[in-house]
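A.B. asks: Please find one structure pasted underneath; my questions will follow.
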Amino acid sequence: MEIANQLAWIPSPPPKELGIVLPQVLDISQNVRASEEATSPYRQYELLNIPINGLRQLGQSLALTKDARLAVSFGNIAQSWLTILETAQHTLNEQAQQSKEIRQVYIAGNSLDPETAKNRFKGRIDIFREIETLALSEQLPVLLLYGGRRTGKTSALKYLPYRIQANIVPLLVDLQGAASATTLKGLAENLAQQIIEAARRLPRKVYLPNPDANKLAEDPFPALQTWFAEIERSNSDKQFLLCLDEYERLGEVVKATSSRAPLNFIRNLLQHQRKWILLFSGSQELSELDDYWSDYLINTRALRMTYLHESEARDLIQQPVENFSDIYEPTAIDEIIQLTRCQPYLVQLVCYEVVELLNRDIRRNRREADTAKATVQDVQEVIPVVLERGDQYFRELWKSLADSDRSLLRRIIYGETPTQQDKGVIRKLTRKEILTQEGNAFQVPLVQKYIEQLLEEE
């Protein structure tokens, strides 16, 4: 596909008037190249939605500019690109439909992006409803969205702008990236930049002013407080929901800088900025953090992100996207549900490998493309590959446990019955969704299989 080459028209150095649109143009070009690298025509088709939407937004912003020459010249260019990409997308869609192979539509790995993942994000209506209800309450609490790794917390935050009412503006900040800052100034600048970019990515874009750079360099967090107040005054009809993902990473900044200024800033925000609501998202409850956190996060309302409901998991398996083929025997679906306990990442991962298995058989003429259906045996066959591909997820889960936790899990796998002395550890591992309440069985069979494999290799 030569689309990216058709877009590579930007001269070096670029003309001055291009400075307004250059960042958007470069993003569009990069996203086109990302589409080229996709592994199937269908994924290429889906990924082209991002640059196509980008070009449409660029055209809209050019139409509003006061520079008529810029609007006409680059507006025409944007329209030409758009035609090229829409034609390419149509061609890719036809290629995907004509392919004898099953479309690989499952995404196992990073959080889901609404622009490309579309309807793959299933359920969580109760989470969205509660966030909206609490955000509109008179006594604004601090919201804590917590749950195990890869249960869909970040994906839910990305879909939040599409699921709650328009006067609430969700702004997603990744504190994993922000925590790489080694100074308070660096952290404050990173937070401000992420907030500005998050507002611009919203379905209904919000353009926020830049904070005063001099004040930010001089005294970072008071400068941020002034900036937040300015945003609040200029958007009096809106409430801002500041979503701090991977919030535990703030503890790293506190240690690196020997300062609790970031947490003092949060407390000040809660006390004085009534239009700002805070939502913390992470894998740890407050009780698992250092004691000083409790001084800052009072009146916290916890929202737990757990497994999908079985009906939602079945929908994800059978209809990950619109018009997906019926490729599963009913017993194969039951087997996936049983193995994953409806953990969303594991459901996607198992289904991904099942489709890969079916397509290999179709290419080798072992199955007919029109009638190929996954069986229980197929699901069982992909388990070793799932454990290998999901190694990072399983290993991170194992490493996050204390020695006493691992010791109990080893004993259970070796057939021992937990004792009265194990009750505390069982309660902890039940909250972490590893053991059942009885304490003698794993909640997710795939997790048990991985740990069994791990112990065999010790």
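A.B. asks: List the number of the failed condition for GLU285; all other conditions in (1) charged (D, E, K, R); (2) open to solvent by 70 Å² or more (accessible area, probe 1.4 Å); (3) touching a Phe, Trp or Tyr at 6+ places or on another chain (Cβ under 7 Å) hold.
C.D. replies: (2)
A.B. asks: Give, as residue ranges, the helices (runs of 4 or more DSSP H) completely inside region 225-308 that count at least 1 residues that are of a type in the set (A, V, I, L, M) and touching a strand residue (DSSP E or B) at 6+ places or on another chain (Cβ under 8 Å).
C.D. replies: Working: elements: 250-257, 261-272, 293-296.
Passing ranges, in order: 250-257, 261-272.
A.B. asks: Taking the criterion of being modelled with pLDDT of 85 or more, crowded, with 16+ Cβ neighbours inside 10 Å and over 16 Å from LEU157 (Cα atoms), would at least one residue in region 115-125 satisfy it?
C.D. replies: The first filter runs over region 115-125 and keeps only residues modelled with pLDDT of 85 or more, leaving 120-125.
The next check asks that each one be crowded, with 16+ Cβ neighbours inside 10 Å; those that pass are 120-124.
Of the ones still in play, those that are also over 16 Å from LEU157 (Cα atoms) are none.
No, region 115-125 has no match at all.
Yes/no per residue for (1) of a type in the set (Lys, Arg); (2) over 25 Å from ILE336 (Cα atoms); (3) at pLDDT 95 or above:
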| residue | (1), (2), (3) |
| --- | --- |
| LEU409 | no, no, yes |
| THR417 | no, yes, no |
| ASP422 | no, yes, no |
| ARG427 | yes, yes, no |
| GLN437 | no, no, no |
| ASN440 | no, no, no |
| VAL444 | no, no, yes |
| VAL447 | no, no, yes |
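A.B. asks: Which members of region 117-169 meet the condition of being charged (D, E, K, R) and free of Cβ contacts under 8 Å to residues at least 12 places away in the same chain?
C.D. replies: Initially, region 117-169 is screened for residues charged (D, E, K, R), giving 118, 120, 122, 124, 126, 129-130, 132, 138, 149-150, 153, 158, 163.
Within region 117-169, ASP126, ARG129, GLU138 meet the criteria.
A.B. asks: Let me ask another. Could you look through region 31-51, keep only residues that are within 20 Å of the chain's Cα centre (by Cα), open to solvent by 30 Å² or more (accessible area, probe 1.4 Å) and without any contact (Cβ under 8 Å) to a residue 40 or more places away in the chain, and pick out the one that is nearest to LYS205 (Cα to Cα)?
C.D. replies: Applying the filter and picking the extreme gives ASN31.
A.B. asks: Now a separate question. Looking only at residues that are open to solvent by less than 10 Å² (accessible area, probe 1.4 Å) and part of a helix (DSSP H, G or I) in region 160-178, which one is farthest from PHE128 (Cα to Cα)?
C.D. replies: Once the filter is applied, the top-ranked residue is ALA178.
A.B. asks: Please identify the pairs in which a residue from region 97-116 that is closer than 14 Å to ARG150 by Cβ and of a type in the set (A, V, I, L, M) has its Cβ atom under 7 Å from the Cβ atom of a residue that is in a loop (DSSP other than H, G, I, E, B) and modelled with pLDDT of 85 or more, counting only partners at least 6 apart or on another chain.
C.D. replies: That search, which allows pairs on different chains as well, returns LEU112/PHE121.
A.B. asks: Just to be sure I understand, how many residues within region 90-113 are part of a helix (DSSP H, G or I) and either open to solvent by less than 20 Å² (accessible area, probe 1.4 Å) or of a type in the set (S, T, N, Q) (or both)?
C.D. replies: At the first step, the residues of region 90-113 found to be part of a helix (DSSP H, G or I) are 90-98.
Next cut, either open to solvent by less than 20 Å² (accessible area, probe 1.4 Å) or of a type in the set (S, T, N, Q) (or both) only: 91-93, 95-98.
Of the residues in that region, 7 qualify.
A.B. asks: Could you tell me whether any residue of region 233-252 is in contact with a Lys or Arg (Cβ under 7 Å, 6 or more places away or on another chain), farther than 27 Å from THR133 by Cβ and not basic (Lys, Arg)?
C.D. replies: no
A.B. asks: Checking GLU353 against (1) under 19 Å from GLN338 (Cα atoms); (2) touching a residue at least 60 places away in the same chain (Cβ under 8 Å); (3) of a type outside the set (Phe, Trp, Tyr), only one condition comes out false. Which one?
C.D. replies: Only one criterion in (1) under 19 Å from GLN338 (Cα atoms); (2) touching a residue at least 60 places away in the same chain (Cβ under 8 Å); (3) of a type outside the set (Phe, Trp, Tyr) is unmet by GLU353, namely (2).
A.B. asks: Now a separate question. Filter region 145-159 down to the residues that are of a type in the set (Ser, Thr, Tyr) and outside any helix (DSSP H, G or I), then identify the one that is nearest to GLU115 (Cα to Cα).
C.D. replies: Quick first cut of region 145-159, residues of a type in the set (Ser, Thr, Tyr) only: 146, 151, 154-155, 159.
Subsequent filtering for residues that are outside any helix (DSSP H, G or I) retains 146, 151.
Details: TYR146: 24, THR151: 20 Å.
For region 145-159, the residue satisfying everything is THR151.
A.B. asks: Ok, one more. Exactly one condition in (1) among the β-branched types (Val, Ile, Thr); (2) closer than 17 Å to LEU446 by Cα; (3) exposed (fewer than 12 other Cβ atoms within 10 Å of the Cβ) is not met by VAL379; state its number.
C.D. replies: Looking at each condition in turn, VAL379 falls short on (3).
A.B. asks: Within region 52-84, how many residues turn out to be touching an Asp or Glu at 6+ places or on another chain (Cβ under 8 Å) and surrounded by 13 or more Cβ atoms within 10 Å (Cβ to Cβ)?
C.D. replies: Residues in region 52-84 being touching an Asp or Glu at 6+ places or on another chain (Cβ under 8 Å) and surrounded by 13 or more Cβ atoms within 10 Å (Cβ to Cβ): 4 in total.
A.B. asks: Limited to region 264-282, what total is found for residues that are in contact with a helix residue (DSSP H, G or I) (Cβ under 9 Å, 6 or more places away or on another chain), surrounded by fewer than 17 Cβ atoms within 10 Å (Cβ to Cβ) and at pLDDT below 85?
C.D. replies: 2
A.B. asks: Look through GLN271, GLN338 and report the one residue that is more than 30 Å from VAL206 (Cα to Cα) and either out of contact with any His (no Cβ under 8 Å at 6 or more places or on another chain) or in contact (Cβ under 8 Å) with a residue 60 or more places away in the chain (or both).
C.D. replies: Working: GLN271 fails: more than 30 Å from VAL206 (Cα to Cα).
Just one listed residue meets the conditions, GLN338.
A.B. asks: Please give the number of the condition ALA181 fails out of (1) at pLDDT 90 or above; (2) under 16 Å from PHE265 (Cβ atoms); (3) open to solvent by less than 70 Å² (accessible area, probe 1.4 Å).
C.D. replies: Answer for ALA181: the failing condition is (1).
A.B. asks: Select the helices (runs of 4 or more DSSP H) contained entirely in region 1-56, then report the ones holding at least 1 residues which are modelled with pLDDT of 75 or more.
C.D. replies: Numbers: elements: 3-7, 22-36, 41-47.
Answer list for region 1-56: 22-36, 41-47.
A.B. asks: Does region 74-88 hold any residues that are in contact with a helix residue (DSSP H, G or I) (Cβ under 7 Å, 6 or more places away or on another chain) and among the small types (Gly, Ala, Ser), and which are they?
C.D. replies: Taking region 74-88 first, the residues in contact with a helix residue (DSSP H, G or I) (Cβ under 7 Å, 6 or more places away or on another chain) are 74-75, 78-79, 81-82, 84-86, 88.
If the condition is that a residue be in contact with a helix residue (DSSP H, G or I) (Cβ under 7 Å, 6 or more places away or on another chain) and among the small types (Gly, Ala, Ser), then GLY75, ALA78, ALA88 are the ones that fit.
A.B. asks: Here's another thing I want to ask about it. Condition check: surrounded by 15 or more Cβ atoms within 10 Å (Cβ to Cβ), of a type outside the set (Gly, Ala, Ser) and more than 17 Å from VAL321 (Cα to Cα). Does LEU157 satisfy that?
C.D. replies: On the way: surrounded by 15 or more Cβ atoms within 10 Å (Cβ to Cβ): yes; of a type outside the set (Gly, Ala, Ser): yes; more than 17 Å from VAL321 (Cα to Cα): yes.
The answer is yes for LEU157.
The values are calculated or read from the model by the stated rules, or taken from the named source; none is laboratory data. All values reported here derive from a predicted model rather than from experimental measurement. Using ideal geometry, Cβ is built from the backbone for each residue, glycine included, and neighbour counts are taken over all protein chains shown. Accessible surface is based on the protein model in full, side chains and every heavy atom, while ligands, DNA and RNA are left aside. Shrake-Rupley method; radii C 1.70, N 1.55, O 1.52, S 1.80 Å.
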